[in-house]
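A short write-up of the structure that comes next.
The values are calculated or read from the model by the stated rules, or taken from the named source; none is laboratory data. All values reported here derive from a predicted model rather than from experimental measurement. Please note: Cβ atoms are built from the backbone with ideal geometry, for glycine as well, and neighbour counts cover all protein chains shown. In case anyone asks, the SASA skips ligands and DNA or RNA and just uses the protein heavy atoms, side chains included. Shrake-Rupley method; radii C 1.70, N 1.55, O 1.52, S 1.80 Å.
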Amino acid sequence: MYKELDRLEAAVAAGLERVPKGGELRAAAAVAAKEYAIHFETVRSWQLDFVSNDGRFAPDQRGKWARELLIHEEDLQRKFHKWMIATAKEEKLSVDAALEYLNGTLLRPPHTTDE
């Protein structure tokens, strides 16, 4: 995009081309968008984000909220912590063992079978 922007700015300054409709930056974004098969407004917003953050992209804000997880309920958390302590003492604590305990024992609805 910047290569096209430089070319456009030089051509306009030299009088070889007229200022494109919407401005040089929009025209350069359109060229980059066509090359990458995305909308030019997407390229333009990325460029604005990059320039306004001193040459970096702003951190993504998706997923920054605190999630309400079932394991955060006090009684489940207490049972899980007690199980972790006992399993760690036996040196059998692992991610797989924790997943099995959570899904297979702690969070299993009552009156269900393995079938």
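Residue-level check: of (1) in contact with a helix residue (DSSP H, G or I) (Cβ under 8 Å, 6 or more places away or on another chain); (2) open to solvent by 90 Å² or more (accessible area, probe 1.4 Å), Ala28 misses just (2). Annotation note: Cβ proximity below 8 Å between a residue of region 52-75 that is more than 30 Å from Leu106 (Cα to Cα) and at pLDDT below 75 and a residue that is open to solvent by less than 90 Å² (accessible area, probe 1.4 Å) and part of a loop (DSSP other than H, G, I, E, B) (sequence gap 6+ or interchain) occurs for no pair.
Residue selection: Asp49 satisfies the criterion of being within 30 Å of Ala28 (Cβ to Cβ), acidic (Asp, Glu) and open to solvent by less than 100 Å² (accessible area, probe 1.4 Å). Are there any pairs, at least 6 apart or on different chains, whose C-beta atoms fall under 7 Å, with the first in region 81-106 and in contact (Cβ under 8 Å) with a residue 24 or more places away in the chain and the second among the basic types (Lys, Arg), and if so, which? As it stands, the answer is Leu106/Lys79, since those pairs meet every condition given.
Being of a type in the set (A, V, I, L, M, F, W, C) and under 30 Å from Asp49 (Cα atoms) is the filter; apply it to region 61-104 and report the residue that is least open to solvent (accessible area, probe 1.4 Å).
Kept after step one, since they are of a type in the set (A, V, I, L, M, F, W, C), are these residues of region 61-104: 65-66, 69-71, 76, 80, 83-86, 88, 93, 95, 97-99, 102.
Applying the additional criterion that residues be under 30 Å from Asp49 (Cα atoms) yields 65-66.
On the way: Trp65: 159, Ala66: 92 Å².
The residue in question is Ala66.
Open to solvent by less than 100 Å² (accessible area, probe 1.4 Å), in contact with an Asp or Glu (Cβ under 6 Å, 6 or more places away or on another chain), assigned to a helix (DSSP H, G or I) and among the hydrophobic types (A, V, I, L, M, F, W, C): does that describe Val43?
Details: open to solvent by less than 100 Å² (accessible area, probe 1.4 Å): yes; in contact with an Asp or Glu (Cβ under 6 Å, 6 or more places away or on another chain): no; assigned to a helix (DSSP H, G or I): yes; among the hydrophobic types (A, V, I, L, M, F, W, C): yes.
No; evaluated as a whole, the condition is false for this residue.
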